[in-house]
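The values are calculated or read from the model by the stated rules, or taken from the named source; none is laboratory data. In this text, all values refer to a predicted model and were calculated from it rather than measured experimentally. Cβ placement follows ideal geometry from the backbone for every residue including glycine, while neighbour counts extend to all protein chains displayed. Heads up: the accessible areas ignore ligands, DNA and RNA and are worked out on the full protein's heavy atoms, side chains in. Shrake-Rupley method; radii C 1.70, N 1.55, O 1.52, S 1.80 Å.
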Amino acid sequence: MNAFLTSKWTKAGVFLLCLVPLANLIMEAIRGELTANPIEFVTHATGDWTLRFVVITLAVSPLRRILHIPQLIRFRRMLGLFAFFYGCLHFSMWIGVDKFFDWHDMIADVEKRRFITVGFLGFVLMIPLAITSTAGWIRRLGGRRWQMLHRAIYVTAAAGVIHYYWLVKSDVRKPLEYAYMVGALLAWRLGSWFYDKWQRPAAGAVSAKHPTTAEGI
Ligand code: HEM
């Protein structure tokens, strides 16, 4: 199991797997299966995958602790960057295909439509996270500051859910499913923070003083 999870081939496999939604969209486009409204179809598909990757990225820390598989951390950066990648595609659909780079129309949209405002916030917060996702940036910022910054992913996750909830007209089941997942993942973090603080105060003090890794988010 350890050899499998630490193999570079497994990482390459996960990378290819993350590209499947994009490959699927390209195949659907080639086969002319993007429905009568391809812009809406692609915007929805990329929005869905952005939120899914945010949720998957947030699930890494709980899974590695609950299932005792520390090696899962190797995949977290890649998963987070794929969330950003699909976010960029989603954003590009709106900016380029929907708005034709009309900045006035875009600013008006961000100001007027609350679901765009909150989606915009979620996307903008992903930019510094993607930029500072490298080991060099962890060193430069220091583990503690890096962790603080990367907690912005919680705001992106919440913004993504609210964005989705506000845009659907009647059937809110899917955004609510995401809300439960994000809620559970954030509640787990809060729970484990309290656990570390009160059950193991000495260990907590040591790791707070000398944070060397980016494992806390
Ligand atoms: C500048 C940022 C963003 C803009 C302009 C934007 C815009 C849009 C638009 C126009 C739609 C389709 C709405 C409709 O057809 O009524 C949409 C859907 C969606 N967006 Fe975004 N979005 C942004 C950021 C995000 C982010 C950061 C996430 C996730 C973290 C996200 C997740 C979704 C989801 C899940 C959907 C619905 C997909 C579905 O219906 O299956 N969006 N977005």
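Yes/no matrix, rows are residues, columns are (1) among the aromatic types (Phe, Trp, Tyr); (2) within 16 Å of the ligand (Cβ to nearest atom):
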{"residue": "VAL20", "(1), (2)": "no, no"}
{"residue": "ILE69", "(1), (2)": "no, no"}
{"residue": "TRP103", "(1), (2)": "yes, yes"}
{"residue": "VAL110", "(1), (2)": "no, yes"}
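Cβ-Cβ contacts under 9 Å between residues 6 or more apart (or on different chains), taken from a first residue in the stretch 140-162 that is more than 18 Å from GLY87 (Cα to Cα) to a second residue that is open to solvent by 40 Å² or more (accessible area, probe 1.4 Å) and within 16 Å of the ligand (Cβ to nearest atom), are listed as LEU149/PRO128. Kindly provide the set of residues from the stretch 116-131 that are touching a helix residue (DSSP H, G or I) at 6+ places or on another chain (Cβ under 7 Å), within 12 Å of the ligand (Cβ to nearest atom) and open to solvent by 40 Å² or more (accessible area, probe 1.4 Å), ordered by number. Selection gives THR117, PHE120, LEU121, LEU125. For SER192, the conditions (1) open to solvent by 60 Å² or more (accessible area, probe 1.4 Å); (2) more than 10 Å from the ligand (Cβ to nearest atom); (3) not β-branched (Val, Ile, Thr) all hold with the exception of (1). Among the residues of the stretch 1-39, those that are part of a helix (DSSP H, G or I), at pLDDT 95 or above and open to solvent by 70 Å² or more (accessible area, probe 1.4 Å) comprise TRP9, LYS11, PHE15, LEU16, LEU17, VAL20, ASN24, ILE26, MET27, ILE30. Looking for something assigned to a helix (DSSP H, G or I), surrounded by fewer than 20 Cβ atoms within 10 Å (Cβ to Cβ), among the hydrophobic types (A, V, I, L, M, F, W, C) and without any contact (Cβ under 8 Å) to a residue 24 or more places away in the chain - is there at least one such residue anywhere in the stretch 88-97? Yes, the stretch 88-97 contains a residue that is assigned to a helix (DSSP H, G or I), surrounded by fewer than 20 Cβ atoms within 10 Å (Cβ to Cβ), among the hydrophobic types (A, V, I, L, M, F, W, C) and without any contact (Cβ under 8 Å) to a residue 24 or more places away in the chain.
Out of ILE73, ILE107, ILE116, one residue alone is aliphatic (A, V, I, L, M), touching an Asp or Glu at 6+ places or on another chain (Cβ under 8 Å) and over 29 Å from THR10 (Cα atoms). It is ILE116. Each residue in the stretch 132-173 was checked for being assigned to a helix (DSSP H, G or I) and within 16 Å of the ligand (Cβ to nearest atom), and 18 pass.
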